[in-house]
């Protein structure tokens, strides 16, 4: 049994998991699990050198991180549903809906153009925009925001 190396890796794993609690993102957590598992392998004397320990640590951590990103993150396994962060859809901001402005660069269907809102919103007055129903909106026409798609506004012509 290699108790000193095992203890060092265990402490490193606990530090990584503690950092994850401070800086959320669910990435560093997997390196913490990798370090704890490496600690266990040192304790059982399966790993005998630091070089092998680092290799196992990185391979295991990156494998766990990859599995999380490409499989478990979207799986319906109850345990992994609990680990997922419950975040709101930040790309949808209902306070933008209904704001008016003017088209400053033509919008042709799903080909984005630019609009200038009459009021500054989030410190921005000019936004990329696409048309609500694939209609053509010419430069100078008045628009109204009806929705958002990521950071693009979805707008329609204002009929007078």
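The values are calculated or read from the model by the stated rules, or taken from the named source; none is laboratory data. This one's a predicted model, so the numbers in the text were calculated from it and none came from an experiment. So basically every Cβ, Gly included, is an ideal-geometry build from the backbone, and we count neighbours across all protein chains shown.
Report, by residue number, each residue of the stretch 112-143 that is touching a strand residue (DSSP E or B) at 6+ places or on another chain (Cβ under 8 Å) and not in a strand (DSSP E or B). Hits for the stretch 112-143 are 112, 132, 133, 135, 138, 139, 140, 141. Residue check: residue 45 meets all listed conditions (1) touching a residue at least 24 places away in the same chain (Cβ under 8 Å); (2) outside any loop (DSSP other than H, G, I, E, B) but one, namely (2).
Looking across the stretch 76-103 at every residue that is modelled with pLDDT of 60 or more and in a loop (DSSP other than H, G, I, E, B), the one that is surrounded by the fewest Cβ atoms within 10 Å (Cβ to Cβ) is identified as 76. Residues in the stretch 51-73 that are at pLDDT below 90, part of a helix (DSSP H, G or I) and surrounded by 11 or more Cβ atoms within 10 Å (Cβ to Cβ): 64, 65, 66, 67, 68, 69, 72, 73.
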